[in-house]
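Taking it in order: structure first as structure tokens, then the write-up.
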Amino acid sequence: MSTQEFTPMRKRLSIYDTPETLKQQSLAPAHPTLVEQQLRTTRHAVSAHFATTRATMNEYTNQYFALEQKARQAVSPLYTPQEPLLPNALYVTLATFGGLVATANSQRVLVRVGGPAALGVAAAAWWFPITGAKLGTALFGDVDLGVRDSFQAASNSVSSGFSSIQSSISDATKSAREAVDQTIGSRK
């Protein structure tokens, strides 16, 4: 026989909790603390205000898309498909920017404002002759294409829409500030 004593084999411990230990451990206290209650209230208030803000922003986005559609419908009779839009619009934009650069050092306000506008209008008349003629006829001519009224209506609706959006945003900002101040004031 050997002189060593008999040692039993070691039992490997499980890395998982047994159901008995889970029952013994309570992960959450029976009653939430005051801090937990305040955090819960704050979280719910912020979530509610976020949902309201999201709904308001979706409404403003839909109003903007409706205004854009009205403007597109008003301008679409003026555009002629024979004139390519993309390169010509880039040329007009570059001419306007060139006017800005050329008049940047001028001391006269009329030159600084009128120069780029005149170059932009001249470039638009050069690169979009048919569209420019239609626009001039619709705005200043006696020929009634129905475009002048729709253009004026679209202009009025766009300006009123932007003013309503601006007032709605200021109202939403004001109500959000009041809600935050009220929530913070109730916490103190």
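Some points to look at:
- For Thr131, the test of being at pLDDT 85 or above, of a type in the set (Ser, Thr, Tyr) and over 27 Å from Tyr60 (Cβ atoms) is passed.
- Number of the condition not met by Pro81 [criteria: (1) within 30 Å of Gln152 (Cβ to Cβ); (2) modelled with pLDDT of 85 or more; (3) surrounded by fewer than 10 Cβ atoms within 10 Å (Cβ to Cβ)]: (2)
- Neighbours by Cβ (under 6 Å, 6+ apart or cross-chain): first from region 38-66, assigned by TED's automatic domain parsing to the domain that holds Ser164; second at pLDDT 95 or above and surrounded by fewer than 11 Cβ atoms within 10 Å (Cβ to Cβ): none
- In region 1-40, residue modelled with the lowest pLDDT [restricted to those that are surrounded by 10 or more Cβ atoms within 10 Å (Cβ to Cβ) and more than 30 Å from Ile184 (Cα to Cα)]: Leu22
- Count of residues meeting criterion [closer than 24 Å to Leu119 by Cα, touching a residue at least 40 places away in the same chain (Cβ under 8 Å) and among the aliphatic types (A, V, I, L, M)] in region 67-92: 2
The values are calculated or read from the model by the stated rules, or taken from the named source; none is laboratory data. For clarity, every value in this text was computed on a predicted model and none was experimentally measured. Note that each Cβ is placed from the backbone with ideal geometry, even for glycine, and that neighbours are counted across all protein chains shown.
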